[in-house]
1. Could you let me know the centre-to-centre spacing of the range 172-213 and the range 64-129, using Cα atoms, in angstrom?
2. Could you pull out the GluC sites (Glu not before Pro) across the range 73-148 that fall in loop regions by DSSP (anything but H, G, I, E, B) with no more than 16 other Cβ atoms inside 10 Å?
3. Any idea what the dipole of the range 95-213 comes to, in debye rounded to 20, about its Cα centre with Lys/Arg Cβ at +1 and Asp/Glu Cβ at -1?
4. How much length is gained on full extension from residue 103 to residue 54, taking 0.36 nm per residue of separation minus their Cα-Cα distance?
5. Using the count of nearby Cβ atoms within 10 Å as a rough guide to exposure, how do 161, 37 rank from fewest to most?
6. Of the options 68, 169, 205, report the single residue whose Cα projects farthest towards the positive end of the charge dipole of the chain (beta-carbon charges: Lys, Arg +1; Asp, Glu -1).
7. Report the full-extension gain for the segment residue 165 to residue 210: residue separation times 0.36 nm, less the Cα-Cα distance, to one decimal in nm.
8. Whole-Å semi-axes of the range 52-196's equivalent ellipsoid, largest first, each the root of 5 times a Cα gyration tensor eigenvalue?
Amino acid sequence: MKSLIKYSTLISLVFLVLSCSSFYDSLKLVGVKKFEDVEIKPVLPERFSFATFKVEFEVAGKFFSGTLFIKRTGESVYKNTIINNAGLNIISFEFNNRNFSLISCIEELKNQYVIKTFEDDFRNILYLPDSTSEIELLKNEELQSIYLIKESEDMLYYFFDENQNITQLDLVCENEASVRDFFSYSEEYKIATIEIIHYNFPLNIKITVTKME
């Protein structure tokens with residue numbers, strides 16, 4: 001766990017340098033398309049029914065580790081449960097068509113900002129943006145494909161690899177990154193790891209897939 005936090009802290013420091021306004025301002029606009037005309041693969045396979053993950057996270061200096069279970073119980077309905085290594089339920093929540101409902105959580109997590117952060121983070125993992133707005137197609141200096149989607153006051157920057165997999169997602173407010181998600185992939189499960197770094201709230205999460213059906 002400590003290695004996770006050290007790694008997350010290092011990434012945070014590096015990204016804070018990269019996330020200044022000049023980085024986003026340097027991206028080159030190469031086109032604009034409607035959302036429905038752009039193919040974006042979801043992070044998790046569309047038709048998976050059940051998945052387990054090793055999970056580690058830190059909330060305000062408190063460390064947790066255990067297993068995350070995600071069960072697809074209906075069309076766009078997902079039940080999420082995290083238990084610790086002793087089998088204690090840490091937090092359980094459900095999404096139904098992007099709508100979040102908390103089922104239970106331990107006392108240490110009973111904070112509206114912690115719960116809202118879990119909600120926002122997992123919504124971005126489980127769903128693509130619910131948006132009818134246009135998408136700006138961008139390129140960086142390495143000619144990497146980047147999509148910019150504007151939602152209310154937030155801007156979502158999706159970075160893609162050569163196979164059009166999402167490799168990172170930046171949530172940007174007022175031209176500064178507030179959240180950054182990292183995604184890696186494998187042949188066996190498609191998605192392999194997810195790491196979520198927050199820059200304005202003390203919550204970092206690392207998820208590693210162990211089983212997917």
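1. With the range 172-213 and the range 64-129 each reduced to a Cα centre, they are spaced 15 Å.
2. Counting only loop positions with at most 16 other Cβ atoms within 10 Å, the GluC sites (Glu not before Pro) in the range 73-148 are 75, 141, 142.
3. I would put it at about 400 debye.
4. Length difference between fully extended and current span is 15.6 nm.
5. Values: 161 14, 37 8.
Lowest to highest Cβ neighbour count: 37, 161.
6. Farthest along the dipole direction, towards plus: 68.
7. 14.3 nm
8. Rounded to whole Å, the semi-axes are 28, 18, 16.
The numbers here are math on the coordinates, done by the rules we state, and not lab data. Here the structure is a predicted model, which is why all the values come from computation and not from measurement. Backbone-built Cβ (ideal geometry, glycine too); neighbour counts: all protein chains shown.
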